[in-house]
1. Excluding residues fewer than 8 places away in the same chain, name every one of the aspartates and glutamates whose C-alpha is closer than 12 Å to that of K414.
2. Nearest 10 degrees, 0 to 90: what angle lies between the long axis of helix 36-52 and the longest principal axis of the chain (Cα atoms)?
3. Bin width 10 Å, alpha-carbon pairs only: give the P(r) of region 211-295 as whole percents, running from 0 to the bin holding the largest distance.
4. List, in order, the whole-Hz ³J(HN,Hα) value for each residue of region 122-136 obtained from phi through the Karplus relation with A = 6.51, B = -1.76, C = 1.60 and θ = phi - 60°; use x for Gly and Pro.
5. How much length is gained if the chain between N116 and A192 is pulled fully straight, taking 0.36 nm per residue apart and subtracting their Cα-Cα distance, in nm to one decimal?
6. Per residue, what volume in Å³ does the Cα convex hull of region 240-380 take up?
7. Give me the lysines in straight-line cross-link reach of K261: C-alpha distance below 29 Å, same-chain residues under 8 apart excluded.
8. Over all distinct alpha-carbon pairs, what is the Kirkwood Rh of region 109-158 in angstrom?
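Coordinate-derived values only; no laboratory data. Note that the structure is a prediction, hence the values are computed from the model and not measured. Methodologically, a virtual Cβ is constructed for each residue, glycine included, from the backbone with ideal geometry; neighbour enumeration extends over all protein chains shown.
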Amino acid sequence: MLDPQDRTAPEDCTAMIAGMAADARAAALQLARLSTEQRRAGLCHAAQALRTAGPAILAANAEDMARAEAAGLSGALLDRLRLDEARIAVMAAGVAMVATLPDPVGQVIDTAERPNGLQLSRVRVPIGVIGIIYESRPNVTADAAALCVMAGNAAILRGGSEARASNAAIHQAFRAGLAAAGLPEAAVQQVATTDRAAVGAMLAAQGAIDLVVPRGGKGLVARVQAEARVPVLAHLDGINHVFVHASADRDMARAIVVNAKMRRTGVCGAMETLLIDAAFPHPAQLVQALTNAGCTVRGDARVGAISAVASAKPDDWDTEYLDAICSVAIVDGLDGALAHIARHSSGHTDAIVAEDNGAADRFLAEVDSAIVLWNASTQFADGGEFGLGAEIGIATGRLHARGPVALEALTTYKWIGRGTGQVRG
């Protein structure tokens, strides 16, 4: 925490969250009755409100940045926190884009007719009230709000204290946009206190909050999974690998490796470990390309034998650096890469660079991660790049949703039966 925590009594936090959840439930019921076009209009107004509020959002972000810099946050975390005119424009465009996406609510998943003539269908419906607990990135405030509203859900947002001023300004603008379009403002609420007791109250709000989505570091996600009595859609850290196979094109491999690590080091899709096939003929060039780009390399003994790099320690293979640091290992072919990834991957995003189709197909089939890529940078692990619009995070579990959590992942379904008087014997 950058500021002293609010001294909100736990019982006060419980009452506050209960009140917010009751208002959110009422708003969710209103959203469920609105047409697709009404929800689209709400998001278009919200996008415009964000653009109009740009100067106020930048001023709020400057407050957060000053506190963060004084507190000594790392460059990667500062990058996550920082807003500028271009990032606000992208944020607003993301909200507007969500408004153009196909509406999942009411979508018929499948149908069947039973031998007795009973017609059954599965239809997508909103989940209801969704709590999002996140850190650092203020753009999540707009992204999460837009996705929840478009999918017919109400959102309760609890951002990190490091971005409290930015989050408040974004939230205020978004709500103003909803109100201008006649949508309930309580559809998007923000928890004002930074006291950790508020998080506990959200996690205990069984029956009041239908789903909690944590987006942050290991500590946050571990706490959510340990304490939650509400279903959780987990976003774990991104210990992502790029494996350069012996058959890889040298120039392609170099470009992908540098981009995967250095395009933005603070995003969850950044490569943290590079694996190089022992049979790849240009391993030193890949290491040199990283160092030339400003990356600190920590290598195993085989890497150290070909390049002057720091020695990797055992915990490096399980570290999400979110910085210009990369661990590098030389492995014995595809089997060695698969074994390393199975031991150390967080199940987020892993990639292979290869010209050998058979090796690539096996990698895609056997790596058990939410996103597996062939001849592409791990930085594509993003809902917008997948054509899904904004995202709340990358789900690394196996149930309900996996990969970018966008509109469809924020719905559930119900069965609808249409009969002609059937009774069961």
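1. Correct list for K414: D110.
2. Once rounded, the angle reads 60 degrees.
3. Histogram of Cα-Cα distances, whole percents per bin: 17, 36, 21, 17, 8, 0.
4. Those phi angles translate into 9, 10, 6, 9, x, 6, x, 10, 10, x, 10, 10, 9, 10, 6 Hz.
5. Details: separation 76, 0.36 × 76 = 27.36 nm, distance 5.48 nm.
Result: 21.9 nm gained on full extension.
6. On the way: hull volume 12.2 nm³, N = 141.
With only Cα atoms used, region 240-380 gives 87 Å³ per residue.
7. Output for K261: K218, K313.
8. On the way: mean 1/r = 0.0754 Å⁻¹.
Across region 109-158, the inverse of the average 1/r is 13.3 Å.
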